[in-house]
Amino acid sequence: MQFRFRSRAMAILLTAAIAPLARAQFFPAPLRIMSLKGTVTVRHGAGGAEMPGAANTALAAGDRLATASGARAEVQFDNRVFQLAANTELRLAKMDSGGYQMALVNGSLTCTVVDVPSTVVEVGTPSVSFKPEGVGVYRVAVSGGASQITAQ
């Protein structure tokens, strides 16, 4: 009888410990603006008003981030850092897998992957998309509808 009780207690403890990990796959941590320079704007949701970006601002699906001429922004998600160059527009959407889709509408960004990520991020352009999953530095540029991806 004691053995069964201990087994049930262990099962309950394991379930309680694993439940947050399972939820993390479907509810990823938000992307955050880590730093910015110059005029950076954020629009939360499809109908949201455009507002000035600020460090530590959380971004979610449906948001738009844009940098003006001479501006830069750095966004972090999981084990990736995205550096947006001047004149760049990035839109965010949630993926079914619990990760994010980023649409690089115009401009360029550099993605640095510092460790193997635990969540999926797909970066799409008007002509191609990719998933920066391996450790490394990736540069994506969109100009006039043409896309260029460079992996270092």
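A short reminder: the numbers here are calculations on the coordinates, not readings from a lab. Keep in mind that what you see is a predicted model, and the values were worked out from it rather than measured. FYI the Cβ positions are ideal-geometry reconstructions off the backbone, even for glycines, and counts take in every protein chain you see.
See the values below:
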quantity: Chain lengthening between A46 and A93 when straightened (0.36 nm per residue, less Cα-Cα); calculated: 15.8 nm
quantity: Rounded FRET efficiency, nearest 0.05, which uses the C-beta distance separating S143 from N79 and R0 of 25 Å; calculated: 0.30
